[in-house]
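Below is one structure; the comments refer to it alone.
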Amino acid sequence: MAGRLCLVLSVVWVACPGLCWQLSSLHCSLYSSSACDCSFRPGLDGLECDLARNLFGQHLAQELVVKALRVFMETDYPSKPLVLSFHGWSGTGKTFLSSRLVKHLYKDGSRSPYVHHFSPILNFPHAKNLNQYKENLKQWIQGNLTACGRSLFLFEEMDKMHPGLIDVIVPFLGPSWVVIGSNYKKAIFIFISNSGGDDINRVALKFWRERRDREEIQLSDVESAITNTVISDHEHGFWQSEIIKQNLIDVIVPFLPLRPNHVRQCIRSELAQQGLSIEEDIVPSVADSLVYIPEDEKVFSSTGCKTVPSRINYYLNIRGTENNIKKGRCMNGKMIQKPYYLGKRHQKETGLQEVSNVRGGTNITSRDSHGYQEQASSQWNDNRGGQSQW
């Protein structure tokens, strides 16, 4: 049968090339073909292992997502697209998990033309254009589903989405819509939102105060609270949404707040990813610099792991500056032993000031408490005619 259809496609391409893409999409949705599977290469074992190594403190999210994907992938003819909704505070791993999911599902990962990202700030910024956005979004979804039934659509920051906009895609999330030329029921939709984070945190804090293991937290402990929060929030994209009312979301995925030990794991992982040695004094320094809540108990990181990369860079820069000072490269106007660049901040703090090159050296001046100006000259020259080597 597949061979006959391929022959028909060849004949139609000669007779009417404009229709070929529609029949080709139909062939892709009905038969397995390496030439037209939208670069879909699901590796769920790899995804599960990846999350176990790199997603910290989110046993529930990992379990729910992997299980939902396995069930969905093992079904040859799903009754509807897979719809997931991620909820939790910023920095808990929602975007990270979605990126890893895409990496292990598509050959080209996030660069795949069949993975589509939507941001309310970038794609739907103005409320006055809501009707136009609805039409554009509907056409975009239908057009891409026609091109590839295995498409993935990711909607970020649903808590900032204009209420009413997202309901335009309701027909694509249910079992009864028809997209000519494609089995749209093989698509995946992911919604990401910070809403519901407070509800999740209250449950996690309750478990901590009762000295219960956070791994005991189940979806049933937070699901109804999350649903009630998002549907009653007048500024949320799911406010009074038919997506919620018609139960079109297959799995609500809660992301728990991170404990200090999870933050330390994030720091070590980030150092490793940057190719830096994991120095144990850096780990507590960065971890202790974050804000933890509640203020009197300091149980959870208020920003999760979101600011860890910038904090690491900050502390590494501070350490570099301290090491240079200890080595005597520049201190209170004394002779500079090695070439050293004085940043604006360091000039302000030390009173040192960089001036122009003089005969291949760089003059550094400082003022003492009496305003007296001293000079020291670095004599480190390179081989390019006496310019200082920085």
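Electrostatic bookkeeping for S99 treats Lys and Arg as +1 and Asp and Glu as -1; over the other residues with beta carbon under 12 Å from its beta carbon, the sum is +2.
Label sites at K67 and I231, each approximated as a point 7 angstrom past Cα along Cα to Cβ, lie 2.2 nm apart. Put F153, F96 in order of accessible area, highest first, and with a 1.4 Å probe you get F96, F153. Available extension along the chain between D108 and L276 is 57.7 nm, counting 0.36 nm per residue and deducting the alpha carbon span.
Measuring only protein heavy atoms, the 1.4 Å probe finds L82 accessible over about 10 Å². Across the cross-link table entries K160/K186; K67/K206; K107/K138; K107/K186, which are compared at the Cα atoms, the separations over 19 Å belong to K160/K186; K67/K206; K107/K138. The local environment of A225, defined by Cβ-Cβ distances under 15 Å, has a net charge of -3 under the rule Lys, Arg +1 and Asp, Glu -1. With the simple spin-label model, which puts each label point 7 Å out from Cα in the Cβ direction, the H126 to D45 separation comes to 5.3 nm. Note that the range 245-284 shows a convex hull volume over its alpha carbon atoms of 92 Å³ per residue. Each label was represented as a point 7 Å from its Cα along the Cα-to-Cβ direction; for N313 and W177 these points are 4.0 nm apart.
The values are calculated or read from the model by the stated rules, or taken from the named source; none is laboratory data. Note that the coordinates shown come from a computational prediction; the quantities given were computed from them, not determined experimentally. Counting neighbours? That spans all protein chains shown, and the Cβs are built from the backbone with ideal geometry, glycine included. To get the accessible areas, we keep the full protein, side chains included, count just its heavy atoms, and leave off ligands, DNA and RNA. Shrake-Rupley method; radii C 1.70, N 1.55, O 1.52, S 1.80 Å.
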